[in-house]
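Visitor: Quick one: structure below, then a few questions.
The values are calculated or read from the model by the stated rules, or taken from the named source; none is laboratory data. Note that the structure is predicted; figures quoted are calculated from it, not measured. Glycine gets a Cβ as well: all are built from the backbone with ideal geometry, and neighbour counts include every protein chain shown.
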Amino acid sequence: MSSKRRHSTDLRPGFTLIELLVVIAIIAVLIALLLPAVQSAREAARRAQCTNNLKQIGLGLANYESSIGAFPPGGESTNFNVSPAVTQFIDGGWSALARILPYMEAGSTFNALNFNLAEYNDAYGANYTGSSQVIAVYLCPSSTRQPDGGRDGAEPMTGIWMDANSAIQNGYGYNDYGATVYTDISPTMTPGLGAKPWTPYRDKYSRANGMLKQGGPRIAEVTDGLSNTIAIAEDAGRDPRYLSPYTEGYWNSQISRQQAMATINPSDPGPAGGYNAWRAFWRWAEPDEAYGVSGTPNNGATAAQSREATDWPQGGTSAGSNGGANDEISSFHPGGANILFGDGHVSFLKNSVSPLTMRGLVTPNGGEVISADSY
(Lines give C-alpha, C1' and ligand atoms only; values in the text may rest on other atoms or scores of the structure.)
Protein backbone atom coordinates (compact mmCIF):
# COMPACT_ATOMS: atom_id res chain seq x y z
CA MET A 1 0.00 0.00 0.00
CA SER A 2 2.79 2.37 0.84
CA SER A 3 4.39 1.82 -2.56
CA LYS A 4 1.07 2.57 -4.28
CA ARG A 5 0.70 5.80 -2.31
CA ARG A 6 4.20 6.88 -3.33
CA HIS A 7 3.44 6.01 -6.94
CA SER A 8 0.22 8.07 -6.92
CA THR A 9 2.00 11.16 -5.59
CA ASP A 10 4.62 10.85 -8.28
CA LEU A 11 1.90 11.27 -10.93
CA ARG A 12 0.81 14.82 -9.96
CA PRO A 13 -0.45 16.78 -12.99
CA GLY A 14 1.80 19.60 -14.40
CA PHE A 15 2.29 21.89 -17.42
CA THR A 16 3.75 20.61 -20.59
CA LEU A 17 6.18 22.84 -22.49
CA ILE A 18 3.56 23.60 -25.12
CA GLU A 19 1.02 24.64 -22.50
CA LEU A 20 3.60 26.91 -20.83
CA LEU A 21 4.41 28.58 -24.13
CA VAL A 22 0.71 29.12 -24.81
CA VAL A 23 0.24 30.79 -21.40
CA ILE A 24 3.27 33.04 -21.99
CA ALA A 25 1.91 33.98 -25.42
CA ILE A 26 -1.50 34.85 -23.95
CA ILE A 27 0.13 37.03 -21.26
CA ALA A 28 2.21 38.79 -23.94
CA VAL A 29 -0.92 39.50 -26.00
CA LEU A 30 -2.72 40.89 -22.95
CA ILE A 31 0.22 43.15 -22.14
CA ALA A 32 0.33 44.33 -25.76
CA LEU A 33 -3.38 45.15 -25.57
CA LEU A 34 -3.18 46.90 -22.21
CA LEU A 35 -0.01 48.94 -22.77
CA PRO A 36 -1.53 51.39 -25.29
CA ALA A 37 -4.47 51.90 -22.96
CA VAL A 38 -2.13 52.65 -20.05
CA GLN A 39 -0.09 55.03 -22.19
CA SER A 40 -3.25 56.71 -23.43
CA ALA A 41 -4.47 57.18 -19.87
CA ARG A 42 -1.15 58.69 -18.87
CA GLU A 43 -1.22 61.11 -21.81
CA ALA A 44 -4.81 62.03 -20.99
CA ALA A 45 -3.67 62.92 -17.48
CA ARG A 46 -0.74 64.96 -18.81
CA ARG A 47 -2.99 66.78 -21.25
CA ALA A 48 -5.41 67.56 -18.42
CA GLN A 49 -2.52 68.99 -16.39
CA CYS A 50 -1.45 71.07 -19.37
CA THR A 51 -5.02 72.37 -19.66
CA ASN A 52 -4.96 73.28 -15.99
CA ASN A 53 -1.65 75.11 -16.47
CA LEU A 54 -3.20 77.27 -19.16
CA LYS A 55 -6.24 77.95 -16.99
CA GLN A 56 -3.91 79.19 -14.25
CA ILE A 57 -2.21 81.46 -16.78
CA GLY A 58 -5.65 82.66 -17.87
CA LEU A 59 -6.49 83.60 -14.28
CA GLY A 60 -3.22 85.50 -14.10
CA LEU A 61 -4.08 87.44 -17.25
CA ALA A 62 -7.57 88.24 -15.97
CA ASN A 63 -6.29 89.38 -12.58
CA TYR A 64 -3.62 91.50 -14.26
CA GLU A 65 -6.25 93.16 -16.47
CA SER A 66 -8.51 93.76 -13.48
CA SER A 67 -5.67 95.44 -11.59
CA ILE A 68 -3.94 97.38 -14.40
CA GLY A 69 -6.88 98.04 -16.72
CA ALA A 70 -5.31 96.27 -19.71
CA PHE A 71 -3.78 92.93 -20.57
CA PRO A 72 0.04 92.67 -20.49
CA PRO A 73 2.03 93.08 -23.70
CA GLY A 74 3.50 89.86 -25.04
CA GLY A 75 7.02 91.31 -25.21
CA GLU A 76 7.42 90.74 -28.92
CA SER A 77 5.26 92.93 -31.16
CA THR A 78 5.09 94.40 -34.67
CA ASN A 79 6.38 97.56 -36.29
CA PHE A 80 3.84 98.42 -38.98
CA ASN A 81 5.68 101.58 -40.07
CA VAL A 82 7.69 99.63 -42.64
CA SER A 83 6.62 97.26 -45.41
CA PRO A 84 6.55 94.41 -44.87
CA ALA A 85 5.96 94.85 -41.16
CA VAL A 86 8.74 93.54 -38.90
CA THR A 87 9.19 92.15 -35.41
CA GLN A 88 10.14 94.56 -32.63
CA PHE A 89 10.90 94.40 -28.90
CA ILE A 90 9.95 97.79 -27.50
CA ASP A 91 7.88 96.82 -24.42
CA GLY A 92 10.96 96.18 -22.34
CA GLY A 93 13.02 93.05 -21.95
CA TRP A 94 10.25 91.06 -20.27
CA SER A 95 7.55 88.60 -21.28
CA ALA A 96 3.86 88.64 -20.43
CA LEU A 97 4.43 85.52 -18.33
CA ALA A 98 6.90 87.42 -16.15
CA ARG A 99 4.44 90.28 -15.67
CA ILE A 100 1.54 88.13 -14.46
CA LEU A 101 3.49 86.22 -11.77
CA PRO A 102 2.03 88.13 -8.77
CA TYR A 103 -1.48 87.47 -10.09
CA MET A 104 -1.09 83.69 -10.09
CA GLU A 105 0.36 83.03 -6.64
CA ALA A 106 4.00 83.42 -7.69
CA GLY A 107 4.64 86.63 -5.81
CA SER A 108 7.93 85.48 -4.31
CA THR A 109 9.42 84.92 -7.77
CA PHE A 110 8.04 88.24 -8.98
CA ASN A 111 9.54 90.05 -5.98
CA ALA A 112 12.96 88.72 -6.97
CA LEU A 113 12.69 90.50 -10.34
CA ASN A 114 13.66 94.14 -10.84
CA PHE A 115 11.55 95.50 -13.69
CA ASN A 116 13.42 98.80 -13.49
CA LEU A 117 16.33 97.04 -15.17
CA ALA A 118 16.18 96.73 -18.92
CA GLU A 119 16.13 92.94 -19.16
CA TYR A 120 15.58 89.73 -17.24
CA ASN A 121 19.19 88.71 -18.01
CA ASP A 122 20.77 91.95 -16.85
CA ALA A 123 24.53 91.94 -17.40
CA TYR A 124 25.24 92.01 -13.66
CA GLY A 125 22.94 89.09 -12.89
CA ALA A 126 20.60 91.14 -10.69
CA ASN A 127 17.54 89.31 -12.06
CA TYR A 128 19.05 85.86 -12.21
CA THR A 129 17.60 84.65 -8.90
CA GLY A 130 14.05 85.29 -10.08
CA SER A 131 14.29 84.38 -13.76
CA SER A 132 16.14 81.13 -13.05
CA GLN A 133 13.21 79.76 -11.06
CA VAL A 134 11.43 76.71 -12.45
CA ILE A 135 7.74 77.66 -12.75
CA ALA A 136 5.79 74.39 -12.90
CA VAL A 137 2.72 76.08 -14.41
CA TYR A 138 4.84 77.13 -17.39
CA LEU A 139 5.91 73.56 -18.21
CA CYS A 140 3.76 71.06 -20.10
CA PRO A 141 4.14 67.60 -18.52
CA SER A 142 4.15 65.96 -21.97
CA SER A 143 7.06 68.06 -23.19
CA THR A 144 10.60 66.75 -23.61
CA ARG A 145 13.75 68.75 -24.27
CA GLN A 146 17.51 68.98 -23.76
CA PRO A 147 18.84 69.58 -21.19
CA ASP A 148 16.07 68.59 -18.83
CA GLY A 149 15.39 69.70 -15.26
CA GLY A 150 13.38 72.83 -15.93
CA ARG A 151 16.36 75.07 -16.77
CA ASP A 152 18.65 75.64 -19.72
CA GLY A 153 22.41 75.87 -19.36
CA ALA A 154 25.10 74.31 -21.49
CA GLU A 155 24.10 73.98 -25.14
CA PRO A 156 23.60 70.23 -25.72
CA MET A 157 25.68 69.88 -28.88
CA THR A 158 28.71 71.95 -27.89
CA GLY A 159 28.62 72.21 -24.10
CA ILE A 160 28.91 76.00 -24.38
CA TRP A 161 27.06 77.92 -21.68
CA MET A 162 24.42 80.31 -22.91
CA ASP A 163 25.85 83.26 -20.95
CA ALA A 164 28.03 84.07 -17.98
CA ASN A 165 25.16 84.04 -15.47
CA SER A 166 24.13 80.55 -16.58
CA ALA A 167 27.69 79.31 -16.36
CA ILE A 168 28.01 80.47 -12.77
CA GLN A 169 24.63 79.06 -11.79
CA ASN A 170 22.30 76.48 -13.35
CA GLY A 171 20.55 78.24 -16.22
CA TYR A 172 17.25 80.08 -16.68
CA GLY A 173 13.74 78.65 -16.32
CA TYR A 174 12.16 76.94 -19.32
CA ASN A 175 8.72 77.64 -20.78
CA ASP A 176 6.30 75.68 -22.98
CA TYR A 177 3.71 78.40 -23.64
CA GLY A 178 3.78 81.72 -25.46
CA ALA A 179 1.66 84.69 -26.46
CA THR A 180 0.46 84.59 -30.08
CA VAL A 181 1.28 88.23 -30.84
CA TYR A 182 0.73 88.26 -34.60
CA THR A 183 -0.24 86.19 -37.60
CA ASP A 184 0.94 86.46 -41.17
CA ILE A 185 -1.25 83.76 -42.68
CA SER A 186 -2.62 85.18 -45.90
CA PRO A 187 -6.35 86.09 -45.64
CA THR A 188 -6.68 85.14 -49.31
CA MET A 189 -4.83 81.82 -48.81
CA THR A 190 -2.18 82.97 -51.28
CA PRO A 191 1.48 82.00 -50.80
CA GLY A 192 3.66 85.06 -50.34
CA LEU A 193 6.85 86.35 -48.78
CA GLY A 194 8.11 83.85 -46.18
CA ALA A 195 6.05 80.89 -47.42
CA LYS A 196 7.62 77.47 -46.90
CA PRO A 197 6.35 73.92 -47.41
CA TRP A 198 5.27 73.71 -43.76
CA THR A 199 3.77 77.26 -43.79
CA PRO A 200 2.44 77.36 -47.36
CA TYR A 201 0.12 80.34 -46.93
CA ARG A 202 2.48 82.63 -45.07
CA ASP A 203 2.71 86.18 -46.44
CA LYS A 204 4.64 88.76 -44.42
CA TYR A 205 2.74 91.57 -46.16
CA SER A 206 -0.51 90.35 -44.56
CA ARG A 207 0.78 90.52 -40.98
CA ALA A 208 -1.80 91.45 -38.34
CA ASN A 209 -1.65 91.86 -34.56
CA GLY A 210 -2.52 89.14 -32.11
CA MET A 211 -4.25 89.80 -28.79
CA LEU A 212 -1.26 90.61 -26.54
CA LYS A 213 0.04 93.25 -28.92
CA GLN A 214 2.29 96.26 -28.31
CA GLY A 215 1.42 98.06 -25.08
CA GLY A 216 -1.17 95.46 -24.07
CA PRO A 217 -4.82 95.76 -25.17
CA ARG A 218 -7.88 96.83 -23.25
CA ILE A 219 -10.88 94.52 -23.38
CA ALA A 220 -12.75 96.95 -25.65
CA GLU A 221 -10.03 96.56 -28.28
CA VAL A 222 -10.75 92.84 -28.67
CA THR A 223 -13.81 93.38 -30.84
CA ASP A 224 -13.95 89.75 -32.00
CA GLY A 225 -14.61 88.81 -28.38
CA LEU A 226 -12.29 87.37 -25.76
CA SER A 227 -13.89 83.95 -26.18
CA ASN A 228 -12.94 83.92 -29.87
CA THR A 229 -9.35 85.18 -29.61
CA ILE A 230 -6.27 83.19 -28.59
CA ALA A 231 -4.08 84.81 -25.94
CA ILE A 232 -1.58 82.02 -25.16
CA ALA A 233 -0.84 78.74 -26.94
CA GLU A 234 1.55 75.85 -26.57
CA ASP A 235 4.98 76.05 -28.16
CA ALA A 236 6.43 73.15 -26.23
CA GLY A 237 9.85 71.57 -26.17
CA ARG A 238 12.04 74.49 -27.22
CA ASP A 239 15.59 74.42 -25.88
CA PRO A 240 19.04 75.83 -26.79
CA ARG A 241 19.14 73.80 -30.01
CA TYR A 242 16.42 76.04 -31.44
CA LEU A 243 17.45 79.21 -33.21
CA SER A 244 16.12 82.74 -32.94
CA PRO A 245 16.72 85.08 -35.88
CA TYR A 246 17.04 88.01 -33.45
CA THR A 247 19.87 89.24 -31.29
CA GLU A 248 19.38 91.20 -28.10
CA GLY A 249 20.77 94.21 -29.95
CA TYR A 250 17.84 94.10 -32.37
CA TRP A 251 14.72 95.93 -31.27
CA ASN A 252 12.91 97.07 -34.46
CA SER A 253 13.59 98.12 -38.03
CA GLN A 254 15.64 101.09 -36.81
CA ILE A 255 18.41 98.60 -36.04
CA SER A 256 18.61 95.95 -38.72
CA ARG A 257 19.18 92.31 -37.95
CA GLN A 258 22.45 92.50 -39.90
CA GLN A 259 23.67 95.45 -37.83
CA ALA A 260 22.80 93.67 -34.60
CA MET A 261 24.56 90.49 -35.74
CA ALA A 262 27.66 92.51 -36.58
CA THR A 263 27.97 93.56 -32.92
CA ILE A 264 28.46 89.99 -31.71
CA ASN A 265 31.90 89.20 -30.39
CA PRO A 266 32.26 85.39 -30.48
CA SER A 267 35.15 85.53 -28.03
CA ASP A 268 32.96 87.21 -25.40
CA PRO A 269 30.60 84.67 -23.72
CA GLY A 270 29.12 87.29 -21.41
CA PRO A 271 25.71 88.98 -21.46
CA ALA A 272 27.01 91.93 -23.51
CA GLY A 273 27.86 89.75 -26.49
CA GLY A 274 28.81 86.30 -27.66
CA TYR A 275 26.25 83.53 -27.33
CA ASN A 276 23.94 85.51 -25.08
CA ALA A 277 23.51 88.04 -27.90
CA TRP A 278 20.99 85.66 -29.46
CA ARG A 279 17.55 85.72 -27.92
CA ALA A 280 16.68 82.59 -25.94
CA PHE A 281 12.97 82.18 -26.66
CA TRP A 282 12.63 79.01 -24.58
CA ARG A 283 12.88 81.01 -21.30
CA TRP A 284 9.68 82.15 -19.57
CA ALA A 285 11.11 85.61 -18.80
CA GLU A 286 12.36 86.28 -22.35
CA PRO A 287 10.13 88.63 -24.44
CA ASP A 288 10.86 86.51 -27.53
CA GLU A 289 8.92 83.62 -25.94
CA ALA A 290 5.96 85.30 -27.65
CA TYR A 291 5.64 84.41 -31.33
CA GLY A 292 3.71 84.84 -34.53
CA VAL A 293 1.47 82.21 -36.10
CA SER A 294 2.31 81.42 -39.72
CA GLY A 295 0.62 78.06 -40.12
CA THR A 296 -1.34 75.28 -38.50
CA PRO A 297 -0.28 73.42 -35.30
CA ASN A 298 2.42 70.74 -35.38
CA ASN A 299 3.01 71.56 -39.02
CA GLY A 300 5.12 68.52 -39.84
CA ALA A 301 8.49 70.16 -40.30
CA THR A 302 11.39 67.86 -39.52
CA ALA A 303 13.75 68.48 -36.64
CA ALA A 304 16.40 69.70 -39.08
CA GLN A 305 13.95 72.28 -40.41
CA SER A 306 12.72 73.42 -37.02
CA ARG A 307 16.10 73.65 -35.31
CA GLU A 308 19.78 73.57 -36.18
CA ALA A 309 21.40 70.73 -34.27
CA THR A 310 24.81 70.77 -35.96
CA ASP A 311 25.48 74.43 -36.72
CA TRP A 312 25.14 76.29 -33.43
CA PRO A 313 24.98 79.17 -32.73
CA GLN A 314 23.08 80.95 -35.51
CA GLY A 315 23.85 80.86 -39.18
CA GLY A 316 21.75 77.86 -40.17
CA THR A 317 18.73 78.15 -42.44
CA SER A 318 16.45 76.93 -39.63
CA ALA A 319 16.70 80.19 -37.64
CA GLY A 320 13.17 81.57 -37.45
CA SER A 321 11.89 78.80 -39.71
CA ASN A 322 8.42 78.66 -38.12
CA GLY A 323 8.82 74.91 -38.44
CA GLY A 324 7.63 72.61 -35.68
CA ALA A 325 8.23 74.18 -32.27
CA ASN A 326 10.40 76.98 -33.70
CA ASP A 327 8.05 79.93 -33.04
CA GLU A 328 4.85 78.14 -33.98
CA ILE A 329 1.96 76.42 -32.17
CA SER A 330 3.33 72.99 -31.32
CA SER A 331 2.84 70.33 -28.66
CA PHE A 332 3.58 66.74 -27.66
CA HIS A 333 -0.13 65.90 -27.46
CA PRO A 334 -1.37 63.65 -30.27
CA GLY A 335 -3.55 65.43 -32.79
CA GLY A 336 -3.18 69.05 -31.74
CA ALA A 337 -2.26 71.55 -29.05
CA ASN A 338 -3.91 73.32 -26.12
CA ILE A 339 -4.78 77.00 -26.51
CA LEU A 340 -5.94 79.64 -24.02
CA PHE A 341 -8.53 82.18 -25.09
CA GLY A 342 -8.77 85.71 -23.79
CA ASP A 343 -11.75 84.92 -21.57
CA GLY A 344 -9.79 82.21 -19.76
CA HIS A 345 -11.26 79.07 -21.31
CA VAL A 346 -8.97 76.42 -22.81
CA SER A 347 -9.62 74.40 -25.95
CA PHE A 348 -7.78 71.71 -27.85
CA LEU A 349 -6.78 72.99 -31.29
CA LYS A 350 -6.71 70.19 -33.85
CA ASN A 351 -3.87 69.83 -36.35
CA SER A 352 -6.48 69.72 -39.10
CA VAL A 353 -7.69 73.31 -38.49
CA SER A 354 -7.70 75.36 -41.68
CA PRO A 355 -5.09 78.13 -42.02
CA LEU A 356 -7.84 80.71 -42.52
CA THR A 357 -9.53 79.69 -39.28
CA MET A 358 -6.13 79.81 -37.60
CA ARG A 359 -5.69 83.43 -38.69
CA GLY A 360 -9.14 84.35 -37.39
CA LEU A 361 -8.43 82.81 -33.99
CA VAL A 362 -5.27 84.90 -33.57
CA THR A 363 -6.53 88.30 -34.69
CA PRO A 364 -8.51 90.22 -32.00
CA ASN A 365 -10.43 92.46 -34.37
CA GLY A 366 -10.53 90.81 -37.78
CA GLY A 367 -14.31 90.48 -37.82
CA GLU A 368 -14.23 86.75 -38.57
CA VAL A 369 -17.13 84.52 -37.54
CA ILE A 370 -15.67 81.24 -36.31
CA SER A 371 -17.64 78.30 -34.97
CA ALA A 372 -16.19 76.08 -32.26
CA ASP A 373 -16.47 72.98 -34.45
CA SER A 374 -14.08 74.47 -37.01
CA TYR A 375 -11.08 73.93 -34.76
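Visitor: Could you pull out the residue among Asn121, Asn127, Asn53 that is within 21 Å of the chain's Cα centre (by Cα), surrounded by 15 or more Cβ atoms within 10 Å (Cβ to Cβ) and modelled with pLDDT under 95?
Guide: Asn121
Visitor: Hey, another quick one. Tell me the residue from Phe71, Phe110, Phe80 that is closer than 26 Å to Val293 by Cα and in contact with a helix residue (DSSP H, G or I) (Cβ under 7 Å, 6 or more places away or on another chain), please.
Guide: Values: Phe110 fails: closer than 26 Å to Val293 by Cα; Phe80 fails: in contact with a helix residue (DSSP H, G or I) (Cβ under 7 Å, 6 or more places away or on another chain).
The conditions single out Phe71.
Visitor: Same structure again: Show the residue pairs meeting these rules: Cβ distance below 9 Å; 6+ apart or different chains; first residue within region 45-56 and under 13 Å from Glu234 (Cα atoms); second residue part of a helix (DSSP H, G or I).
Guide: Once the first residue is under 13 Å from Glu234 (Cα atoms) and sits in region 45-56, its partners that are part of a helix (DSSP H, G or I) give Asn52/Val137; Asn53/Ala136; Asn53/Val137; Asn53/Tyr138; Leu54/Val137.
Visitor: Please specify each residue of region 131-142 satisfying the condition of being small (Gly, Ala, Ser) and surrounded by 22 or more Cβ atoms within 10 Å (Cβ to Cβ).
Guide: Ser131, Ser132
Visitor: Hey, another quick one. If a residue has to be touching an Asp or Glu at 6+ places or on another chain (Cβ under 7 Å) and of a type in the set (Gly, Ala, Ser) to count, how many in region 196-214 make the cut? If you could, list the steps in order and put the result at the bottom.
Guide: Quick first cut of region 196-214, residues touching an Asp or Glu at 6+ places or on another chain (Cβ under 7 Å) only: 202-204, 206-207, 214.
Now restrict to residues that are of a type in the set (Gly, Ala, Ser): 206.
Matching residues across region 196-214 total 1.
Visitor: With respect to Ile185, is the statement that it is modelled with pLDDT of 95 or more and among the aliphatic types (A, V, I, L, M) true?
Guide: On the way: modelled with pLDDT of 95 or more: yes; among the aliphatic types (A, V, I, L, M): yes.
Taking the combined requirement at face value, the residue satisfies it.
Visitor: Which residue out of Asn175, Asn165 is closer than 19 Å to Asn322 by Cβ and either crowded, with 21+ Cβ neighbours inside 10 Å or modelled with pLDDT under 70 (or both)?
Guide: On the way: Asn165 fails: closer than 19 Å to Asn322 by Cβ.
Just one listed residue meets the conditions, Asn175.
Visitor: Still on this structure, I have one more. I need the full set of residues from region 75-118 which are surrounded by fewer than 19 Cβ atoms within 10 Å (Cβ to Cβ), touching a strand residue (DSSP E or B) at 6+ places or on another chain (Cβ under 8 Å) and in a helix (DSSP H, G or I), in order please.
Guide: Matches in region 75-118: none.
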